[in-house]
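To start, the structure under review is shown below, and the notes come after it.
The values are calculated or read from the model by the stated rules, or taken from the named source; none is laboratory data. Values in this document were obtained by computation on a predicted structure and should not be read as measured data. Quick reminder, even Gly has a Cβ in these numbers, built from the backbone with ideal geometry, and neighbours come from all protein chains shown. Surface areas here come from the heavy atoms of the whole protein model, side chains and all, with no ligands, DNA or RNA. Shrake-Rupley method; radii C 1.70, N 1.55, O 1.52, S 1.80 Å.
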Amino acid sequence: MINFEVQIINQGMQIEGNILKMRTELANPVNYFLPLGNNEIEMNTLIGKKISINFTGQINCISCGKQTKTSFNQGFCYNCLQTAPEASESVIRPELSKSHLGIARDLEWAKKHDLIDHYVYLAVSNDVKVGVTRNHQIPTRWIDQGASSAIKLATTPSRHIAGIIEVFLKKYYTDKTNWREMLKNTIATNINLLEEKEKVICLLPTELQKYIEPDNKISEIIYPVNEFPNKIKSIGFDKNPKIEGIMKGIKGQYLIFQNDTVLNIKKHNGYYLQINF
């Protein structure tokens, strides 16, 4: 696994290293930090400024650290895609987790990541979506998805049960975020999450209602964006090894640049970059 020691970098420098998805802190607005090799960049301070990012052509697997020609599933080499527990199918589809039956790619890993409390939640962006995340990933998960507000629906003792609840609720709510509308800051209006939660309680079968989370707090999330794009143009390092421009803001795991261009940082986990700012 790629290791890095946190060190805050001041402006007026060039630094390089393998990147990981941005670390976040819930504040008004959200604070973003980009892990880069042994360093960490305070990204909020770069909003409104010109930055230049060069991809060296090197990609390292975020699980084993080996160099790979192609990155799979946001940062893995092909071997780790097939074998690493953090790349298993239950990461995307929680209902497929079998760790509660003693079946997993790595049972010790599963005990720490699957057999722990999970939250089922509702989040609002351009629509209301249902999702699942580990208990220690709130509010990180909501921020990474670019949600404007969110509420916990249920607390379960394992990933599998959370997935079962999510699958049931997908008959009534989407489980996807429309990333283009999210980046345009198209937010569903007239959504009352408390009322939606009450609907969920009535919809769930009796055997699943026991997991309903009593905490009804609604989290509101504001992002550091000076200007939202109108017509989204997604850019990436595989086709554009040099990306530069004035950064207009950050939302989800996207950097928003001038001319409506956006860069998905999480998609490029493990890429070795040189950043000038």
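If only residues of the range 1-31 that are of a type in the set (Gly, Ala, Ser) and out of contact with any Gly (no Cβ under 7 Å at 6 or more places or on another chain) are counted, the one that is modelled with the highest pLDDT is ALA27. Checked against (1) open to solvent by 70 Å² or more (accessible area, probe 1.4 Å); (2) in contact with a Lys or Arg (Cβ under 9 Å, 6 or more places away or on another chain); (3) over 30 Å from GLU198 (Cβ atoms), ARG105 passes all but condition (2). Any residue at all in the range 22-40 that's in a loop (DSSP other than H, G, I, E, B), within 21 Å of the chain's Cα centre (by Cα) and hydroxyl-bearing (Ser, Thr, Tyr)? For the range 22-40, residues in a loop (DSSP other than H, G, I, E, B), within 21 Å of the chain's Cα centre (by Cα) and hydroxyl-bearing (Ser, Thr, Tyr): absent.
Applying the set (1) of a type in the set (A, V, I, L, M, F, W, C); (2) part of a strand (DSSP E or B); (3) in contact with a Gly (Cβ under 8 Å, 6 or more places away or on another chain) to ILE250 leaves exactly one unmet item: (3).
Tell me which residues, restricted to the range 82-94, are surrounded by 18 or more Cβ atoms within 10 Å (Cβ to Cβ) and part of a helix (DSSP H, G or I).
PRO85, ALA87, SER90, PRO94
Looking across the range 182-193 at every residue that is open to solvent by less than 50 Å² (accessible area, probe 1.4 Å) and at pLDDT 95 or above, the one that is farthest from the chain's Cα centre (by Cα) is identified as LEU193. Scanning the range 259-268 for residues that are open to solvent by 10 Å² or more (accessible area, probe 1.4 Å) and over 17 Å from GLY249 (Cβ atoms) gives a single hit, LYS267.
Taken together, the residues in the range 200-226 that are surrounded by fewer than 16 Cβ atoms within 10 Å (Cβ to Cβ), outside any loop (DSSP other than H, G, I, E, B) and either aromatic (Phe, Trp, Tyr) or in contact (Cβ under 8 Å) with a residue 12 or more places away in the chain (or both) amount to 3.
Which ones in the range 41-72 are part of a loop (DSSP other than H, G, I, E, B) and either surrounded by 14 or more Cβ atoms within 10 Å (Cβ to Cβ) or of a type in the set (Phe, Trp, Tyr) (or both)? Within the range 41-72, ILE47, CYS61, ILE62, SER63, CYS64, GLY65, THR68, SER71 qualify.
Selection over the range 109-144 of residues that are among the small types (Gly, Ala, Ser), touching a residue at least 40 places away in the same chain (Cβ under 8 Å) and either more than 24 Å from ARG180 (Cβ to Cβ) or not in a strand (DSSP E or B) (or both) gives a count of 1. Residue pairs whose Cβ atoms lie under 8 Å apart, separated by 6 or more positions or on different chains, with the first residue in the range 230-255 and touching a residue at least 60 places away in the same chain (Cβ under 8 Å) and of a type in the set (Val, Ile, Thr) and the second surrounded by 15 or more Cβ atoms within 10 Å (Cβ to Cβ) and not in a strand (DSSP E or B), are ILE243/PHE237; ILE250/MET22; ILE250/VAL30; ILE250/MET43; ILE250/ASN44; ILE250/ILE47; ILE250/TYR223; ILE250/PRO224. Of all the criteria given as (1) over 30 Å from TYR78 (Cα atoms); (2) assigned to a loop (DSSP other than H, G, I, E, B), the one not satisfied by LYS176 is (1). Applying the selection to the range 179-199, what residues are closer than 27 Å to ASN230 by Cα, free of Cβ contacts under 8 Å to residues at least 60 places away in the same chain and either basic (Lys, Arg) or part of a helix (DSSP H, G or I) (or both)? Within the range 179-199, ARG180, GLU181, LYS184 qualify. For the range 133-175, taking the residues that are crowded, with 23+ Cβ neighbours inside 10 Å and touching a His at 6+ places or on another chain (Cβ under 6 Å), the one that is farthest from LEU193 (Cα to Cα) is identified as ARG159.
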